[in-house]
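Below you'll find the structure, written out as structure tokens, and then a few comments.
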């Protein structure tokens, strides 16, 4: 990202027109989606909603244009129970500051004693906008917590110099991993996941290294939605909100 002197915006349009991200695993409770799967009115946070330099921002629905049923969204570096990976826990060549280890505690909660997430300026010859970064800038993980379960979430990530370097991982309210997907190309790419039946089970998201990424990484936009705010071919929303049992 900033480490390479490049921002997200120049490749956002191309990212939406290209192929899907790496498919979620067969055992995952989620499917890969694109930004176009979010209907009008779904949640959208651009990080211009708070002053530049804000650490661990908290955005109530009124701050980002949500309705009364929309979640409050909190940001940090990692969840309680997770930690920055040790030397033998991080993929070879990846910056330790962006790798995570450990298991999220239940219920899912941000660890505000860890490295913060922060709103920073991404300035290049073609872009001048605020984005969300982990710590250190463009080289730390980002965690997102929703106070209401959602059916789908996604983000514009980048700037990627290596395929398969950065992933999003989603969890339910008890800290159980629902699934993960990583970037499949360089530049900017939208990474999104939804529950297979669009049941509202996603409570949180991590954006973190799973391989070497010399340019660094950050978030330009965050998208999220309830079952009625997401459209996925072949997926039918459940008629109740009871959680599915994991195998």
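Readers should treat all values here as calculations from the given coordinates under stated rules, not as data from a laboratory. Predicted model, so just to flag it, every value in this text is computed and none were measured. We place every Cβ from the backbone using ideal geometry, glycine too, and count neighbours over all the protein chains shown.
Taken over the range 63-188, the percentage of Cα pairs per 10 Å bin, counting from 0 up to the bin with the maximum distance, is 11, 40, 38, 10, 1.
Of all the Cα-Cα pairs you can form in the range 53-118, what percent are over 19 Å apart? Numbers along the way, then the final one.
Working: 1006 of 2145 pairs.
In whole percent, the long-distance tail amounts to 47.
Exposure proxy for 147, 220: other Cβ atoms within 10 Å of each Cβ, ordered fewest to most, give 147, 220. Rg and Dmax of the range 2-229, based on Cα coordinates, read 15.7, 45 Å.
Taking the number of Cβ atoms within 10 Å of each Cβ as an exposure proxy, the fewest-first ranking of 33, 142 is 33, 142.
What FRET efficiency comes out for the pair residue 87/residue 162, r = Cβ-Cβ distance, R0 = 25 Å, nearest 0.05?
Details: r = 20 Å, r/R0 = 0.80.
The calculated FRET efficiency here is 0.80.
Averaged over residues, the count of other Cβ atoms within 10 Å places the peptides 102-111, 199-208, 177-186 in the sequence 199-208, 177-186, 102-111, highest first.
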